[in-house]
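Undergrad: This is the structure I want to talk about, given as structure tokens.
The values are calculated or read from the model by the stated rules, or taken from the named source; none is laboratory data. All values reported here derive from a predicted model rather than from experimental measurement. Note that we place each Cβ from the backbone using ideal geometry, even for glycine, and neighbour counts take in every protein chain shown. With ligands, DNA and RNA removed, areas are computed over all heavy atoms of the protein, side chains included. Shrake-Rupley method; radii C 1.70, N 1.55, O 1.52, S 1.80 Å.
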Amino acid sequence: MPLIEVKNLEKVFYTDGVQTRALNKISLIIEEGEFVAIMGPSGSGKSTLLHILGFLDRQTSGQYLFEGKSFEDYTEKELAKIRNQKIGFVFQAFFLLPRLNVLENVKMPLIYSPIPEAQHDNLAKQVIATVGLSHRMFQDSSRLSGGEKQRVAIARALVNNPKVIFADEPTGNLDSKSGETIIEILKNLNEKRGHTIILITHEPKIAERAKRIVQIKDGRIDSDKYLKKS
């Protein structure tokens, strides 16, 4: 059973009576443990697709199945649980709380989890170590570099040990060296810890670090290829 399956997915936006079709009959299967880069120019529909796959938005038509169950068959309570416990998000803008330190930011998703509070510090410290920021544990997030902020965001996405991590242009605000560090962390999470990674990017060099590249153009899948890795 695939982790993610979409069939004839469509998304239409209406603005002042004008119809814009962002996704046009997209069908796609992503198995657990894959590292997939979704590529395309600005306005191609790639972020719209990610928002639907991450349960942040709903399709206009077509079907989306997560772990074999249709989006429409999940209750709002079940969707909230999936977003908290099975999905991690990493965005270009980081979305850290500036007045909280690294440890406090990383612990945030645990507030809504069933994990006992007594375990929160240890779990957060473990994932902070995974992204190489133990020495910044008690630093206010506002005083971190862009690359460090993104590593904190990855740690926060990891803290509930999700099945899948959605990363939307995670290197977009970073210099090339920091961006390379972020991609290497995502690659290791996939290869060493088994997390499914779905990466949105418009940069070919970033996409080539994945194991599969799905190209989107004008709301349609233009190509879908697996990369040979040495």
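Undergrad: At a 1.4 Å probe, what is the % contribution of carbon and sulfur to the accessible area of the chain? Can you show the working numbers first?
TA: Details: 5560 of 11460 Å².
Percent of accessible area from carbon and sulfur atoms in the chain: 49.
Undergrad: Helix-only estimate, please: 222 nm mean residue ellipticity of the chain, summing -39500 (n - 2.57) across DSSP H runs of length 4 or more and dividing by its residues, to the nearest 500. Each step should come with its number before you reach the end.
TA: Numbers: 7 runs with 70 residues, N = 230.
Dividing the helical sum by the residues of the chain leaves -9000 deg cm²/dmol.
Undergrad: Something else now. Amide H to amide H, which residues 5 or more places from Arg220 or on other chains are under 5 Å from it, using H placed in the peptide plane?
TA: The answer is Asn24.
Undergrad: From the C-alpha coordinates alone, can you work out the Kirkwood hydrodynamic radius of the stretch 160-230, in Å? Write out the running numbers ahead of the final one.
TA: Values: mean 1/r = 0.0767 Å⁻¹.
Taking the inverse mean of 1/r over all distinct Cα pairs, the stretch 160-230 comes out at 13.0 Å.
Undergrad: Trypsin sites (Lys or Arg not before Pro), restricted to the stretch 1-96: which are DSSP loop and have at most 13 other Cβ atoms within 10 Å? Provide the component values of the computation, followed by the final result.
TA: Working: sites: Lys7, Lys11, Arg21, Lys25, Lys46, Arg58, Lys69, Lys77, Lys81, Arg83, Lys86; in loops: Arg58, Lys86.
Sparse-neighbourhood loop trypsin sites (Lys or Arg not before Pro): Arg58.
Undergrad: Long-range amide H contacts for Ile165: which residues qualify at under 5 Å (H placed 1.01 Å from N, peptide plane, sequence gap of 5 or more or a different chain)?
TA: HN-HN under 5 Å from Ile165: Gly88, Thr196, Ile197, Ile198.
Undergrad: Lys69: which lysines have alpha carbons under 22 Å from its alpha carbon, excluding same-chain residues fewer than 8 sequence positions away?
TA: Cα-Cα hits under 22 Å: Lys7, Lys11, Lys25, Lys77, Lys81, Lys86, Lys163.
Undergrad: Using Cα pairs closer than 8 Å and at least 6 residues apart in sequence, work out the relative contact order for the stretch 136-230, in percent.
TA: Values: 86 pairs, mean separation 20.5, N = 95.
Reported relative contact order: 22 percent.
Undergrad: Then there's this: Apply the Karplus parameterisation 6.51 cos²θ - 1.76 cosθ + 1.60, with θ equal to phi minus 60°, to every residue of the stretch 101-114 and state each ³J(HN,Hα) to the nearest whole Hz, in sequence, with x for glycine and proline.
TA: 7, 4, 4, 5, 5, 5, 6, 3, x, 6, 4, 9, 9, x
Undergrad: Could you derive backbone 3J(HN,Hα) for the stretch 35-41 from the dihedral phi with the Karplus parameters 6.51, -1.76 and 1.60 (θ = phi - 60°), listing whole Hz in sequence and x where the residue is Gly or Pro?
TA: Once rounded to whole Hz, the list reads 10, 10, 9, 9, 10, x, x.
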